[in-house]
Amino acid sequence: MEGFGGILLGLGDKLAAHVVLAASAIALGIAVALPLAVWASRSRPVARIALGFASLVQTIPALALLALFFPILLSLRAVFGEDLPTLGFLPALLALALYALLPILRNAVTAQANLDPGVLEAADGVGMTPWQRLTLVEAPLSAPFIMAGIRTASVWTIGAATLSTTIGQPSLGDPIFAGLQTQNWALVLAGCVASAGLALVADSLLGLIETGLARRRRWMWASGLAAVALGVFGALAYQNAGDDEDTVVIAAKQFSEQYILSKLVGMQLEKAGYSVEYRDGLGSAVVHSAVASSDIDISIDYTGTIWTNEMKREDSAPRDAMYEQIRAWDMETNGVLVLGRLGFENAYAFAMRRDRASELGVETLADLAPVAPRLTVGGDPEFFERPEWIAVRDAYGMRFAETRNFSPTFMYNALVSGEADAISAYTSDGRIAAYDLVVLEDPKEALPSYDAMLMLSPRVAGDERLKAALKPLIGAIDVEAMRRANYMVDRKDEAKVDPAEAARWLAEEIGL
């Protein structure tokens, strides 16, 4: 696996995207906060409402704020048209700008409230207009305090911007999320170091501007401002240099199998001459909407997920019939082309430690139901909100003593260490065999099938060359090969590899 130094040096594109996003959000926050602060300084009701709203926004977790803009923008498409982006830069920009608002607004309002009344009276006394008083007297006196607010907002925004990965915006959160899911701690550390380093550099430069304004030393604030501008324009130039309308964007959800398959798809397209961009770590709930709106071009999804989450079907259907219905529905409803099934199934299943299952006499979900009230069950962060869990719960009358959420990376560790008695495992996960886990049978067939499918957005659905490049993947990957590739990434010993290496192994295994 690539070492820490190599990973850190390879984060140039993520760093550039992070800088552009954070700088844009702070600039938007300043553009909104400063006029609002001036208005608030002249009206107590406006000050109370503005500060109250900004404080309310701060109570919302940054991740939730980012996620909320997806349905908001989706609903706004009825007004602004289908081209309005719902994922990526726009929702991240709006959410982070709101997050940056409070410290800038509060410092600006406080600075205005503490201006010397005598100075303001003198300005009025010499006949200054309101605009002259604002720009020549109030603004220079308030500037150091406002800069202190901008420094605080910048550090917050740079940190929170790492979460924008979950809604499809490239950032320094990409290596952090990918590293967490694949237990590649060098990747996590590189993302954290880059993000923290960026925050420290930004804070230092903005501190230089603040000091220069407070001491009225032009060279100081001007050099700080020039350095900030140079950094932002440099990042913008770096980012634009990599832009290519023909670039194919490939999505990956937040688990190892998705990272491996996205790299495998990317390798196939690069061999065919395409430029490829990866959007890793997307939330499962947004991936299908993203491919339907062409915010991303290619995703790997699962029949059960589309059947229950997108088509809202509560019944079940034979495996082939389910696939054909999904294929027809997605083309007719969203213009999404389901190119084909990859050949393996990654279904939800309940797994237990062999000794614990033997102790309780549990072999099936029907056996599990009577003892469930004494047990703790673990699931990935979305499982207990998914229709699959509701179907199992209702079919077997399943009631556990406690339900706990874990990231997929740590869910298996929780089972092995005894923090959970059962988990919602994935049948293609290599850790089932590695930890000698028992997968419980589902005699009532409450869980639907989960064939992995290759899905193309409307933007690329008609690209015959692209489809030809991906055709060799259809039906080529059996569950045993996928399980071994997953385990290569998930294992913890010296044989552990990163998703790209596992994808190369998988490509050789299936003869590509």
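Taking the options Val119, Val126, Val109, Val137, name whichever one is over 28 Å from His18 (Cα atoms), free of Cβ contacts under 8 Å to residues at least 40 places away in the same chain and either among the small types (Gly, Ala, Ser) or surrounded by 16 or more Cβ atoms within 10 Å (Cβ to Cβ) (or both).
Numbers: Val119 fails: either among the small types (Gly, Ala, Ser) or surrounded by 16 or more Cβ atoms within 10 Å (Cβ to Cβ) (or both); Val126 fails: either among the small types (Gly, Ala, Ser) or surrounded by 16 or more Cβ atoms within 10 Å (Cβ to Cβ) (or both); Val109 fails: free of Cβ contacts under 8 Å to residues at least 40 places away in the same chain.
Within the list Val119, Val126, Val109, Val137, the selection yields Val137.
Is there any pair with a first residue in segment 411-436 that is in contact (Cβ under 8 Å) with a residue 12 or more places away in the chain and a second that is among the aromatic types (Phe, Trp, Tyr) and surrounded by 22 or more Cβ atoms within 10 Å (Cβ to Cβ) whose Cβ atoms are under 6 Å apart and which are 6 or more apart or on different chains, and what are they?
As it stands, the answer is Ala422/Phe350; Ser424/Tyr348; Arg431/Tyr412, since those pairs meet every condition given.
So which residues in segment 485-504 are without any contact (Cβ under 8 Å) to a residue 60 or more places away in the chain and either under 24 Å from Asp246 (Cα atoms) or surrounded by fewer than 17 Cβ atoms within 10 Å (Cβ to Cβ) (or both), if there are any at all?
Filtering segment 485-504 down to residues without any contact (Cβ under 8 Å) to a residue 60 or more places away in the chain leaves 487-488, 493-495.
Within segment 485-504, Asp493, Glu494, Ala495 qualify.
For segment 343-385, how many residues meet the condition of being charged (D, E, K, R) and under 14 Å from Tyr450 (Cα atoms)?
Initially, segment 343-385 is screened for residues charged (D, E, K, R), giving 345, 353-356, 359, 363, 367, 374, 380, 382, 385.
Filter once more, so that each one left must be under 14 Å from Tyr450 (Cα atoms): 345.
Going through segment 343-385 one residue at a time, the tally reaches 1.
Taking Leu473 as meeting all but one of (1) surrounded by 16 or more Cβ atoms within 10 Å (Cβ to Cβ); (2) closer than 26 Å to Phe177 by Cβ; (3) free of Cβ contacts under 8 Å to residues at least 24 places away in the same chain, write down the number of the exception.
In the conditions (1) surrounded by 16 or more Cβ atoms within 10 Å (Cβ to Cβ); (2) closer than 26 Å to Phe177 by Cβ; (3) free of Cβ contacts under 8 Å to residues at least 24 places away in the same chain, Leu473 misses (3) alone.
Would you point out the residue of segment 300-309, among those that are at pLDDT 85 or above and under 24 Å from Ile390 (Cβ atoms), that is nearest to the chain's Cα centre (by Cα)?
Within segment 300-309, the subset at pLDDT 85 or above is 300-307.
Those left that are additionally under 24 Å from Ile390 (Cβ atoms): 301-307.
Details: Asp301: 17, Tyr302: 19, Thr303: 22, Gly304: 22, Thr305: 19, Ile306: 20, Trp307: 23 Å.
Top of the filtered list is Asp301.
Which one of the conditions (1) touching a residue at least 60 places away in the same chain (Cβ under 8 Å); (2) surrounded by fewer than 24 Cβ atoms within 10 Å (Cβ to Cβ); (3) within 22 Å of Val38 (Cβ to Cβ) does Leu180 fail to meet, given that it meets all the rest?
All conditions are met except number (3).
Return yes when Met482 is surrounded by 21 or more Cβ atoms within 10 Å (Cβ to Cβ) and assigned to a helix (DSSP H, G or I) and no when it is not.
Working: surrounded by 21 or more Cβ atoms within 10 Å (Cβ to Cβ): yes; assigned to a helix (DSSP H, G or I): yes.
Taking the combined requirement at face value, the residue satisfies it.
Restricting the first residue to segment 140-167 and requiring it to be open to solvent by 40 Å² or more (accessible area, probe 1.4 Å), which pairs with a second residue that is of a type in the set (Phe, Trp, Tyr) meet a Cβ separation below 8 Å and a spacing of at least six or different chains?
Going by the 8 Å Cβ cut-off, the qualifying pairs are Trp156/Tyr99.
Would you pick out the residues in segment 403-437 that are in a strand (DSSP E or B), more than 25 Å from Ala495 (Cβ to Cβ) and of a type in the set (A, V, I, L, M)?
Residues of segment 403-437 in a strand (DSSP E or B): 403-405, 422-426, 437.
Filter once more, keeping what is more than 25 Å from Ala495 (Cβ to Cβ): 403-405, 422, 424.
The answer is Ala422, and nothing else.
Are any residues in segment 261-285 over 16 Å from the mean Cα position of the chain (by Cα), touching a residue at least 60 places away in the same chain (Cβ under 8 Å) and open to solvent by 10 Å² or more (accessible area, probe 1.4 Å), and if so, which ones?
Listed by number, the residues that qualify are Lys263, Met267, Gln268, Lys271, Ala272, Tyr274.
Of the residues Asn405, Asn413, only one is touching a Pro at 6+ places or on another chain (Cβ under 6 Å), under 19 Å from Phe255 (Cβ atoms) and polar (S, T, N, Q); which?
Working: Asn413 fails: touching a Pro at 6+ places or on another chain (Cβ under 6 Å).
Just a single option satisfies the conditions, and that option is Asn405.
Within segment 381-420, count every residue that is open to solvent by less than 30 Å² (accessible area, probe 1.4 Å) and within 16 Å of Ala446 (Cα to Cα).
Count: 7.
Just name the residue that is modelled with the highest pLDDT out of those in segment 219-243 that are more than 26 Å from Met147 (Cβ to Cβ) and open to solvent by 90 Å² or more (accessible area, probe 1.4 Å).
Ranking the qualifying residues of segment 219-243, first place goes to Tyr238.
Out of the residues in segment 186-217 that are at pLDDT below 90 and under 18 Å from the mean Cα position of the chain (by Cα), state the one that is surrounded by the fewest Cβ atoms within 10 Å (Cβ to Cβ).
My answer is Val188.
Tell me, please, whether a residue that is in contact (Cβ under 8 Å) with a residue 24 or more places away in the chain, assigned to a strand (DSSP E or B), over 20 Å from Thr308 (Cα atoms) and of a type outside the set (D, E, K, R) can be found in segment 381-402.
For segment 381-402, residues in contact (Cβ under 8 Å) with a residue 24 or more places away in the chain, assigned to a strand (DSSP E or B), over 20 Å from Thr308 (Cα atoms) and of a type outside the set (D, E, K, R): absent.
Residues in segment 456-476: is at least one more than 30 Å from the chain's Cα centre (by Cα), of a type in the set (Asp, Glu) and closer than 23 Å to Leu512 by Cα?
Yes: one or more hits.
Just a yes or no: is a residue in segment 346-356 at pLDDT below 90, touching a Ser or Thr at 6+ places or on another chain (Cβ under 7 Å) and farther than 19 Å from Ala425 by Cα?
Taking segment 346-356 first, the residues at pLDDT below 90 are 346-349.
Keeping just the survivors that are touching a Ser or Thr at 6+ places or on another chain (Cβ under 7 Å) gives 346-349.
Next, only the ones that are farther than 19 Å from Ala425 by Cα stay: none.
No, every residue in segment 346-356 fails to be at pLDDT below 90, touching a Ser or Thr at 6+ places or on another chain (Cβ under 7 Å) and farther than 19 Å from Ala425 by Cα.
The values are calculated or read from the model by the stated rules, or taken from the named source; none is laboratory data. Note that the coordinates shown come from a computational prediction; the quantities given were computed from them, not determined experimentally. Here Cβ is always computed from backbone atoms with ideal geometry, including for glycine, and neighbour counts include all displayed protein chains. When the accessible area is computed, the model is the full protein with side chains, heavy atoms only, and any ligands, DNA or RNA have been set aside. Shrake-Rupley method; radii C 1.70, N 1.55, O 1.52, S 1.80 Å.
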